[in-house]
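Undergrad: Shown below is the structure under consideration.
Since every read-out is calculated from the coordinates, none of them should be taken as a lab result. All figures in this text were calculated on a predicted structure; none of them were measured in a lab. Don't worry about glycine lacking a Cβ; one is built from the backbone with ideal geometry, like all the others, and counts go over all protein chains shown.
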Ligand code: COA
């Protein structure tokens, strides 16, 4: 390539096959996470997701993703303490949360609040790796507070301060700030597992956004703000919210599923909670969440959709069976996280932002990794528009 003239390079680019959506394109190396799309495998820093979900806590997984090894007891305690000390948010940020218009989506509130938070970070203009990690840890610690406060302000509910004493884990503290209740061990465990499963997934669209943003040598708050904006779309993180509305507002009854799905497919519409760019079989996270979803949706007092709506887990199972048999398209994790979050009492407008409070760990880890060996991410587009047009003055158009 070095010896080619500029014109030859341009010709060469114009002849290359276009990889629309960057399907299958490998842009860099990573040590954070690996996906085996063929066999349904997922590892964080080399550890199988199944083992992490079974044996670790969210805080341990955050440490692992950020610092590339599992913490020993001392490291974990110190890290947990660091997260706890960073849970509160500046008064000025609370003021703007209160000022936002009502009926605003929670994910927009979160995106805007994170962007504003950078202005109050004492490391704002320090771009060293150590400062980036400090900022990343602050974001991870504060994001549940931003979300719980935003939601309660929008719902005209009194605010519940974060637990700064360290009596509650990351998951339990969020649940408490959101609902005002201390979760049972069972609920806390389920929340922990949901957070672990959403924490990282290599170069998904929002992580790509984060990496593109820092690749310009922009800052980590900008990376997380870009990533949240990318996550909210319904083909990515917004799918979990769409799944629950599909179940409770549109389908409602088991008997409605097949006619509903056939109609959608005839119209060539996508069914939310199905399909994946990398997994062409079972998504391993979906398989884990399926078990939890089943367990919680079968607890009478937890699965309480309004009258006239069938058991949510039963409904997604019928849907999954149909999609696999008829279309060979498999469920992704959103199909099962939605009924589980519903059973856990999380209000649907929080499903996508809840994804963000976990995935921000991956975004931070990737931002730091990108900057370790940075190269501006700047692909090409092939121009197919008009050329050689003659400019016409405004009075003659
Ligand atoms: N419902 C119906 N058909 C689907 C589908 C779905 N959820 N997902 C994929 N397909 C079909 C497409 O229509 C397409 O069929 P065609 O080849 O006959 O046109 C084929 O499968 C390939 O789909 P495509 O959208 O090109 O794959 P992709 O890799 O670009 O998309 C997703 C992956 C995730 C964007 C896609 O599966 C989707 O939109 N899913 C629904 C949203 C969702 O749940 N997102 C969360 C992802 S974790």
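Undergrad: Just grab the label-to-label distance for residue 245 and residue 48, each label 7 Å out from Cα along the Cβ direction, in nm (one decimal).
TA: 3.8 nm
Undergrad: Between residue 34 and residue 396, take the C-beta separation as r, use R0 = 45 Å, and let me know the FRET efficiency to the nearest 0.05.
TA: Details: r = 59 Å, r/R0 = 1.32.
The formula returns an efficiency of 0.15 here.
Undergrad: Next up: Give, in nm to one decimal, the length gained when the segment between residue 372 and residue 77 is fully stretched (0.36 nm per residue of separation minus the Cα-Cα distance).
TA: Numbers: separation 295, 0.36 × 295 = 106.20 nm, distance 2.71 nm.
Gain on stretching residue 372 to residue 77: 103.5 nm.
Undergrad: If you don't mind, another one. Please arrange 27, 392 by how many other C-beta atoms lie within 10 Å of their C-beta, fewest to most. Could the numbers behind the result be given before it?
TA: Values: 27 13, 392 8.
Neighbour counts put them in this order, fewest first: 392, 27.
Undergrad: Here's something else I'd like to know. Rounded to the nearest 0.05, what FRET efficiency do residue 128 and residue 389 give with R0 = 35 Å and r taken as the Cβ-Cβ distance? Could you check? The partial results should precede the final answer.
TA: On the way: r = 48 Å, r/R0 = 1.38.
Once the sixth-power term is evaluated, E becomes 0.10.
Undergrad: Take the alpha carbon gyration tensor of the stretch 137-296, find the square roots of its eigenvalues, order them as a ≥ b ≥ c, and report rounded if a/c is under 1.5; if not, report prolate when a/b exceeds b/c, else oblate. Could the numbers behind the result be given before it?
TA: Working: a/c = 1.83, a/b = 1.25, b/c = 1.46.
The shape class here is oblate.
Undergrad: What is the gain in length, in nm to one decimal, between residue 99 and residue 23 on full extension, counting 0.36 nm per residue of separation less the C-alpha to C-alpha distance? Show your work: numbers first, answer last.
TA: Working: separation 76, 0.36 × 76 = 27.36 nm, distance 4.16 nm.
Roughly 23.2 nm would be gained on extension.
Undergrad: A follow-up question, please. Would you calculate the convex hull of the Cα atoms in the stretch 232-338 and tell me its volume per residue in Å³? Mind dumping the intermediate values first?
TA: Details: hull volume 10.6 nm³, N = 107.
Measuring per residue, one finds 99 Å³ for the Cα hull of the stretch 232-338.
Undergrad: So, in nm, how far is label residue 189 from label residue 163 when the simple model puts each one 7 Å beyond its Cα toward the Cβ?
TA: Roughly 1.7 nm, to one decimal.
Undergrad: Please give, to one decimal in nm, the separation of the simple spin-label points placed at residue 14 and residue 182, each 7 Å out from Cα toward the Cβ.
TA: With each label placed 7 Å out from Cα toward Cβ, I get 7.1 nm.
Undergrad: How far is the Cα center of the stretch 40-69 from the Cα center of the stretch 317-355, in Å?
TA: When both Cα centres are located, 22 Å separates them.
Undergrad: Which order do 104, 112, 213 fall in if you start with the one that has the fewest other Cβ atoms within 10 Å?
TA: Working: 104 14, 112 18, 213 24.
The order, fewest Cβ neighbours first, is 104, 112, 213.
Undergrad: Report the FRET efficiency, 1/(1 + (r/R0)^6), for residue 307 and residue 381, where r is their Cβ-Cβ distance and R0 is 51 Å, rounded to 0.05. Intermediate values should be presented prior to the final figure.
TA: Values: r = 52 Å, r/R0 = 1.02.
That gives a FRET efficiency of 0.45.
Undergrad: Take the Cα coordinates of the chain, assign each an equal point scatterer, and use the Debye formula without solvent to give log10 I(q)/I(0) at q = 0.10, 0.12, 0.13 Å⁻¹.
TA: Log10 I(q)/I(0), no solvent term: -0.71, -0.98, -1.13.
Undergrad: In the Gaussian network model of the chain, springs joining C-alpha atoms below 10 Å, which of 226, 56, 206 carries the largest mean-square fluctuation?
TA: Its mean-square fluctuation being the largest, the pick is 56.
Undergrad: Something else about it: Hey, fewest Cβ within 10 Å first, where do 287, 235 land in order? Let's see the in-between values first.
TA: Working: 287 16, 235 12.
Ascending number of Cβ neighbours within 10 Å: 235, 287.
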